[in-house]
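Input: a single structure, listed below in structure tokens.
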Number of protein chains: 4
Amino acid sequence: METEVTDINHPRQRRKEARPSEIVEAALILFHQKGYSATKLDDIAHAAGVTKGTVYLYFSNKEALFKAAISEAIHPNLDKIEELASNSTESATTRLRTAITSWATALNECKGSISKLMISEAGNFPELTDFYIETVVKRSRLLLAKLIQAGVDSGEFRPTDPDLLARVLFSPILLTSIWQHTYARQDPITYELNQLAQFHLDIVLHGIAIAPEHTL
Amino acid sequence: METEVTDINHPRQRRKEARPSEIVEAALILFHQKGYSATKLDDIAHAAGVTKGTVYLYFSNKEALFKAAISEAIHPNLDKIEELASNSTESATTRLRTAITSWATALNECKGSISKLMISEAGNFPELTDFYIETVVKRSRLLLAKLIQAGVDSGEFRPTDPDLLARVLFSPILLTSIWQHTYARQDPITYELNQLAQFHLDIVLHGIAIAPEHTL
Amino acid sequence: METEVTDINHPRQRRKEARPSEIVEAALILFHQKGYSATKLDDIAHAAGVTKGTVYLYFSNKEALFKAAISEAIHPNLDKIEELASNSTESATTRLRTAITSWATALNECKGSISKLMISEAGNFPELTDFYIETVVKRSRLLLAKLIQAGVDSGEFRPTDPDLLARVLFSPILLTSIWQHTYARQDPITYELNQLAQFHLDIVLHGIAIAPEHTL
Amino acid sequence: METEVTDINHPRQRRKEARPSEIVEAALILFHQKGYSATKLDDIAHAAGVTKGTVYLYFSNKEALFKAAISEAIHPNLDKIEELASNSTESATTRLRTAITSWATALNECKGSISKLMISEAGNFPELTDFYIETVVKRSRLLLAKLIQAGVDSGEFRPTDPDLLARVLFSPILLTSIWQHTYARQDPITYELNQLAQFHLDIVLHGIAIAPEHTL
DNA sequence: GATGAATGAGTGTTCATTCAT
DNA sequence: TATGAATGAACACTCATTCAT
């Protein structure tokens with residue numbers, strides 16, 4: 001009983017160990033909405049339900065908080081990349097479709113669009129950008145390129161530049177995800193991200209031209 | 001460092017009428033590199049070869065300068081959109097290819113990649129974003145969608161969702177353009193933007209699957 | 001220079017609740033000495049023993065601080081006006097003398113000579129001036145006019161224009177008070193403010209009194 | 001004819017020699033309305049129909065212009081003081097009334113209320129203030145005091161402190177003049193300045209006169 | 001651990017002053 | 001003589017960071 005009272009008097013102390021991640025979450029949302037510079041530590045603290053001083057208890061400065069926010073948001077994605085690379089019993093087409101679906105889902109969850117933040121702040125955080133490009137971007141692209149190459153090797157796809165195609169396949173999902181997070185108000189998108197991804201994949205796989213040369 | 005090499009003797013009235021656009025250009029580059037908030041007026045002034053006070057002779061404040069920079073960079077693009085819509089004697093396929101090429105070229109010149117700036121700052125400049133979405137984004141997408149619909153109507157393309165396909169077709173060029181301007185150092189791209197665009201268009205037109213139904 | 005001698009060890013939280021009024025006091029003195037525009041926030045902060053940032057903890061901007069300073073200095077005077085209006089058992093002559101003495105004393109303490117500041121800045125702060133004229137100037141004049149009218153009604157004074165006489169009676173005290181605060185160095189006044197007020201009142205009373213000794 | 005055309009093309013050159021005084025006049029009005037610091041040289045120049053550069057052709061800086069404005073406005077008053085001192089054939093009472101009337105008239109003309117400006121800026125311009133106090137204030141007061149003393153000597157007035165009475169007699173006219181120029185909008189005055197002056201003088205004369213009608 | 005009052009370096013903005021024309 | 005584009009020092013205001021409690 002006595003300890004319960006303490007909890008009621010200090011609601012802030014409900015879950016001490018959750019503090020840092022609460023701050024990180026609040027920070028991520030605000031950084032995403034307003035950009036790094038335009039986001040005030042006061043706002044972050046307020047959004048996280050603490051005071052400015054508390055933020056400094058867990059993060060040595062604003063930049064460290066930013067990096068922590070980006071890193072934390074990146075990690076779950078990294079695991080997913082590994083996952084996708086492993087299940088290799090299926091056909092290349094199937095695995096490609098699974099991979100794309102998986103990415104579309106991941107990006108759909110808000111936490112996803114680190115992409116936008118990184119685009120905005122890359123110039124101001126070179127080392128963080130290096131880390132992001134190496135661990136997220138290049139690995140994802142390489143994974144996709146390998147799946148494509150596997151399809152070519154297995155005779156499922158016509159010979160093509162796997163790297164180029166990987167870039168092409170990623171673009172609509174990534175850009176649309178960024179778009180949604182950026183222009184939701186001005187240009188709301190009626191399509192599901194995954195719907196768009198499948199649409200694109202279908203077209204890429206089959207093309208749209210009613211090509212006479214193919215029927216010959 | 002100094003971009004001003006000529007007329008070093010008459011720094012005061014070097015080229016009166018060129019001032020505003022010189023400032024706008026310098027501003028655009030810096031806003032693009034560092035974002036709006038992180039760009040100091042001192043930096044812009046210095047990059048434009050003037051002092052802070054001079055900037056205020058032509059722009060009432062930082063926000064006005066930002067808007068002017070965006071607007072000025074947008075205008076040439078608007079004209080190009082009109083141009084593309086007009087030449088309607090060709091086949092849909094040809095016009096589509098021309099449009100894509102034209103866009104790739106425009107984005108490559110990069111006088112903007114306003115796209116990146118708008119993504120970064122949309123949240124902080126709602127009215128400007130409204131203007132951008134209406135005059136640039138939606139018009140471009142609509143133009144592309146119309147070309148696609150024309151191809152469907154003329155029997156060149158299989159029936160498809162023109163709006164979805166327009167989004168899909170734009171994405172790789174736009175995202176890659178943004179990418180180049182953002183991650184040039186960390187992830188330099190070896191492809192020409194136009195090369196990528198044509199590669200994508202080819203695939204979209206023909207598909208990559210060695211589809212049994214086509215050969216039948 | 002430093003007005004803060006006590007508690008030198010704990011400059012941070014010396015006396016939280018005293019801060020705003022300390023700042024207001026320092027501000028009032030400086031505004032009075034140099035005028036609004038010529039007074040720098042740095043000076044105010046320094047005079048109050050804090051830094052600029054601290055001033056902004058309590059006042060949203062310079063104008064707000066100015067208004068707060070004026071308002072705070074006005075309030076004690078408002079109470080005095082009410083007080084004077086109440087004690088109505090005495091003769092009009094006595095009450096008039098009491099009122100004048102009271103005003104002379106109040107103006108001498110000078111926590112304001114807000115009068116001078118208001119004269120200087122009226123043009124730049126219209127709403128504040130409205131407030132001052134209504135709550136201080138007009139009320140004071142009306143009170144004095146009523147006392148005079150009471151004297152006329154009771155047969156103590158000869159019929160006269162109470163409003164005009166109120167203005168006339170106030171002028172020497174008010175102007176001299178302003179004078180002292182303004183030209184102390186160039187034109188030091190050897191008279192007590194109250195001495196001058198009584199001197200004037202004697203002459204005016206002689207002038208308007210239906211003096212029994214004269215009729216003898 | 002030919003020369004006329006030139007005049008039309010350069011309306012600014014109508015009367016070159018009048019420039020400085022036009023500037024001074026504009027400056028005086030603006031300084032009076034907004035105070036010294038709050039008045040921008042741009043505003044003065046614009047009000048005078050010239051550009052900022054032209055102001056610097058005639059005045060070395062803002063302070064010099066301020067001093068010139070004050071001085072120019074003071075000079076006609078100085079002459080009037082001398083004038084009043086001279087015609088000594090009349091009775092003290094008459095000369096006192098003439099002097100007061102003359103001052104009320106002088107202060108009524110807008111150019112008069114240097115008083116307000118000096119009150120506002122005395123702290124920031126000590127030497128100018130010295131000059132003003134010596135040449136205007138003290139001389140005027142001394143003149144008035146002498147007139148009063150003459151009246152006492154001639155038996156027109158009861159013995160009194162001439163300096164004190166001089167201060168008292170000046171106050172209502174001076175303060176009301178300042179008042180009019182300051183609070184015209186908030187507290188418009190229905191009385192003529194001279195009316196008020198005469199009203200006060202009547203009362204004071206009644207108060208100090210060795211009035212034959214009273215002794216009867 | 002948590003607070004929030006206080007700090008002060010930094011930045012947008014203004015404006016008196018200069019000077020080439 | 002007059003201009004007005006350009007300057008740069010000065011100032012209001014902000015905000016990341018600190019620290020006594």
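The values are calculated or read from the model by the stated rules, or taken from the named source; none is laboratory data. Since the structure is predicted, the reported quantities are computational estimates derived from the model, not experimental observations. Neighbour counts are summed over all protein chains in view; Cβ atoms, including those assigned to glycine, are modelled from backbone coordinates with ideal geometry. The protein model used for the area step is the full one, side chains on, heavy atoms only, and it has no ligands, DNA or RNA in it. Shrake-Rupley method; radii C 1.70, N 1.55, O 1.52, S 1.80 Å.
Ordering A:Thr39, B:Thr190, A:Thr54 by accessible area with a probe of 1.4 Å, largest first, what comes out?
Correct descending sequence by accessible area is B:Thr190, A:Thr54, A:Thr39.
Where a Cα-Cα gap under 16 Å defines reach, which lysines qualify for A:Lys138, not counting those fewer than 8 residues away within the same chain?
Of all the lysines, those that pass the test against A:Lys138 - Cα under 16 Å, at least 8 places apart if same chain - are A:Lys80, A:Lys146.
Between copies, how far apart are the D:Lys67 label points? List them in nm, one decimal, shortest first, with each point 7 Å from Cα toward Cβ, please?
3.8, 4.5, 6.0
Could you give each residue of the range A:73-78 its phi-based ³J(HN,Hα) in whole Hz, using Karplus coefficients 6.51, -1.76, 1.60 with θ = phi - 60°, and x for Gly or Pro?
Karplus values, whole Hz, x for Gly and Pro: 6, 6, 3, x, 5, 4.
With every protein chain left in place, what is the accessible area per residue of the range A:71-208 in square angstrom, probe 1.4 Å?
39
Can you give the log10 of the normalised intensity I(q)/I(0) at q = 0.15, 0.32 Å⁻¹, computed with Debye over equal Cα scatterers of the range B:16-58?
Each listed q corresponds, in turn, to -0.29, -1.16.
Which residues' amide hydrogens lie under 5 Å from the amide hydrogen of B:Phe157, considering only partners 5 or more residues apart or on another chain, with H built in the peptide plane?
B:Val152
What are the distances, in nm and sorted shortest first, from the label point of A:Ala184 to the label points of the same position in each other copy, with each label point placed 7 Å from Cα along the Cα-to-Cβ direction?
3.3, 5.7, 6.2
When you look at the Cβ of every residue in C:188-195, what mean number of other chain Cβ atoms sits within 10 Å?
1
D:Asp43 versus B:Thr98, label points 7 Å from Cα toward the beta carbon: distance in nm?
Result for the modelled spin labels: 6.0 nm.
Do me a favour and compute the ellipsoid semi-axes for the range C:86-212 from its Cα gyration tensor, root of five times each eigenvalue, largest one first, whole Å.
27, 18, 12
Express the relative contact order of the range C:16-58 as a whole percentage, based on alpha carbon pairs under 8 Å and six or more residues apart in sequence.
40
Please work out the FRET efficiency for the pair D:Leu142 and B:Glu127, using the Cβ-Cβ distance as r and a Förster radius of 56 Å; give the result to the nearest 0.05.
Working from the Cβ atoms, E equals 0.25.
Please give the FRET efficiency for A:Asn61 paired with C:Thr51, using the beta carbon to beta carbon distance and R0 = 22 Å, rounded to the nearest 0.05.
0.55
In nm, what does the list of distances from A:Ala18 to its counterparts in the other copies look like, shortest first, when each label sits 7 Å along Cα to Cβ?
Counterpart label points of A:Ala18 in the remaining copies fall at 4.4, 6.2, 8.0 nm.
Ballpark to the nearest 100 Å², how much total accessible area do B and A bury together, probe 1.4 Å?
5600
In whole percent, how big is the carbon plus sulfur part of the accessible area of chain C, probe 1.4 Å, protein atoms only?
Answer for chain C is 55 percent, counting heavy atoms of protein chains only.
Which residues of the range D:159-183 bury at least 50 Å² of accessible area once all protein chains are present, versus their chain alone (1.4 Å probe)?
Relative to the lone chain, where solvent access is computed with a 1.4 Å probe, the range D:159-183 loses at least 50 Å² at D:Leu164, D:Arg167, D:Val168, D:Ser171, D:Leu175, D:Trp179, D:Tyr183.
About the Cα centre of the range B:132-175, how large is the charge dipole given +1 on each Lys and Arg Cβ and -1 on each Asp and Glu Cβ? Please answer in debye to the nearest 20.
The calculation lands at about 120 debye.
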